[in-house]
1. Scan Glu273, Glu311 and give me the residue that is away from the ligand (no atom under 16 Å from the Cβ), among the acidic types (Asp, Glu) and within 16 Å of Gly217 (Cβ to Cβ).
2. Quick one: what pairs do we get from the stretch 101-121, first residue without any contact (Cβ under 8 Å) to a residue 40 or more places away in the chain, second in a strand (DSSP E or B) and among the β-branched types (Val, Ile, Thr), C-beta under 8 Å, 6+ apart or different chains?
3. Among Ile331, Ile352, Ile266, Ile345, which is assigned to a strand (DSSP E or B) and either at pLDDT 95 or above or not β-branched (Val, Ile, Thr) (or both)?
4. Which one of these does Ala288 not meet: (1) part of a helix (DSSP H, G or I); (2) more than 16 Å from the ligand (Cβ to nearest atom)?
5. Filter the stretch 34-55 for residues that are of a type in the set (A, V, I, L, M, F, W, C) and either surrounded by 13 or more Cβ atoms within 10 Å (Cβ to Cβ) or assigned to a loop (DSSP other than H, G, I, E, B) (or both) and give the result.
6. Between a first residue in the stretch 42-58 that is over 16 Å from Arg104 (Cβ atoms) and a second residue that is in a helix (DSSP H, G or I), which pairs have beta carbons less than 7 Å apart while being 6 or more apart in sequence or on different chains?
7. List every residue pair whose Cβ atoms lie under 7 Å apart, where the two residues are 6 or more positions apart in sequence or sit on different chains, the first residue falls within the stretch 135-148 and is touching a residue at least 60 places away in the same chain (Cβ under 8 Å), and the second residue, located anywhere, is among the basic types (Lys, Arg).
8. In the set Arg74, Arg104, which member is among the charged types (D, E, K, R) and either closer than 21 Å to Gly153 by Cβ or surrounded by 18 or more Cβ atoms within 10 Å (Cβ to Cβ) (or both)?
Amino acid sequence: MRMEETRLNKVFARALAVALLLGGAAVAHRAYSLVPVTVNGQQCIVAQGTRVGECVGRYSPAHPGNMVSAGERRVLDDGAGRPVVVLVNGRVATSDEPARPGDRIQAFSGTDVTEPTTVATVTVEPPVEVIGAGPYEVVVSPGAAGIAEVTRGAVSGEVIATQTVEPPSALVVKRSAAPASTGVALTFDDGPWPGQTEAVLRILASKDVKATFFMLGSRVKVAPETARAVAAAGHAIGNHSYTHTYLGSAGPGRVRWEITATNALISQVTGVEAHWFRAPGGILGPTATGVLEQESMRSALWTVDPEDWREGQTAQELAEAVVKAARPGGIVVLHDGGGDQSVTIEALPLIIDGLRARGFTLVTLDELGSVKGAW
Ligand SMILES: [Zn+2]
């Protein structure tokens with residue numbers, strides 16, 4: 001029994017020794033596997049095998065450098081900026097190398113970089129300005145587009161800045177309770193002029209527009225066929241004097257003759273009794289005013305003069321000038337005679353389309369309502 005006890009004691013003692021030995025080894029192993037480091041000056045203990053990057057992430061997270069948008073500073077691309085720099089004991093380290101006991105780890109945050117930007121020139125639509133109220137509307141000013149330079153983020157598309165190069169002018173719409181007069185009259189002076197007058201007639205016919213032609217007696221005399229063509233097409237015919245004389249400085253007899261001889265010729269050639277008179281240069285004078293009264297005629301001046309006889313103007317510029325300046329009740333002075341009017345002829349379809357786009361109807365002076373007869 002005693003011997004048995006002794007044996008048992010031995011077994012126990014041996015087991016204890018093994019246990020102690022194993023335990024000691026475990027303690028020793030554990031002591032060895034803990035790695036003391038500093039991360040940005042902070043004392044840390046990490047398990048053996050821990051990577052430098054993990055140490056930084058756990059104890060002193062560094063901001064990664066991203067690519068951010070130029071406007072809202074949104075992150076567009078993670079890590080696409082200048083990256084985090086990690087030093088181990090003063091030398092540049094990779095984040096996946098293992099930390100060693102005593103390592104002094106320093107992490108420097110990355111820096112964001114801003115996306116590149118692009119600059120584009122864009123047109124700025126004119127703002128719409130509404131005057132008055134009611135169901136009827138007329139465009140009283142077409143406005144004009146402006147130009148701006150827009151800076152955008154090349155990746156995000158965010159608008160960073162808009163710089164006005166040329167401001168737009170407003171499109172002005174007039175609203176009213178009752179329909180406003182939308183008539184505009186096209187008038188053609190100094191004809192008839194064979195070739196040019198027919199070209200004008202063809203365009204007016206194709207666009208279904210009626211106009212008013214202020215003819216010179218001297219021109220009706222040399223081009224009666226052309227004068228007749230104007231009348232046959234249903235246009236209004238007015239008197240523009242016989243010889244294009246400025247009536248304000250002519251004698252009374254001459255003034256009377258300029259008006260009445262032209263009336264007689266127009267009547268004889270076209271069958272039309274002219275009741276509109278347009279003074280050459282817009283200069284009427286008291287004598288002519290008296291003659292018009294006696295002849296039951298009315299003076300018709302103009303409200304829109306694009307100076308279509310002036311050289312160096314393109315058809316587009318001419319049309320734009322007319323469309324821009326037109327107002328309800330407007331009278332546009334153009335020329336089918338007096339010289340080369342090919343730019344006017346080229347501009348005419350643009351003028352008609354442009355005025356109609358603004359809501360105008362094209363009428364003769366008879367249909368206009370009120371006509372400007374004096375300055
Ligand atoms: Zn004239």
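1. The unique qualifying residue is Glu273.
2. Thr118/Thr151; Val119/Val150; Val119/Thr151; Ala120/Val150
3. Exactly one residue qualifies, and that residue is Ile331.
4. Answer for Ala288: the failing condition is (2).
5. Result: Val35, Val37, Val39, Cys44, Val46, Val52, Cys55.
6. What qualifies is Ala47/Ser33; Gln48/Ser33.
7. Between residues of the stretch 135-148 that are touching a residue at least 60 places away in the same chain (Cβ under 8 Å) and residues that are among the basic types (Lys, Arg), the close pairs are Glu137/Lys174; Glu137/Arg175; Val138/Lys174; Val139/Arg358; Val140/Lys174; Val140/Arg327; Pro142/Lys324; Pro142/Arg358.
8. Testing whether each residue is among the charged types (D, E, K, R) and either closer than 21 Å to Gly153 by Cβ or surrounded by 18 or more Cβ atoms within 10 Å (Cβ to Cβ) (or both) leaves just Arg74.
The values are calculated or read from the model by the stated rules, or taken from the named source; none is laboratory data. Owing to the predicted nature of the structure, the values given are computational and were not obtained by experimental measurement. Every residue, glycine among them, receives a Cβ derived from its backbone with ideal geometry; neighbour counts consider all protein chains shown.
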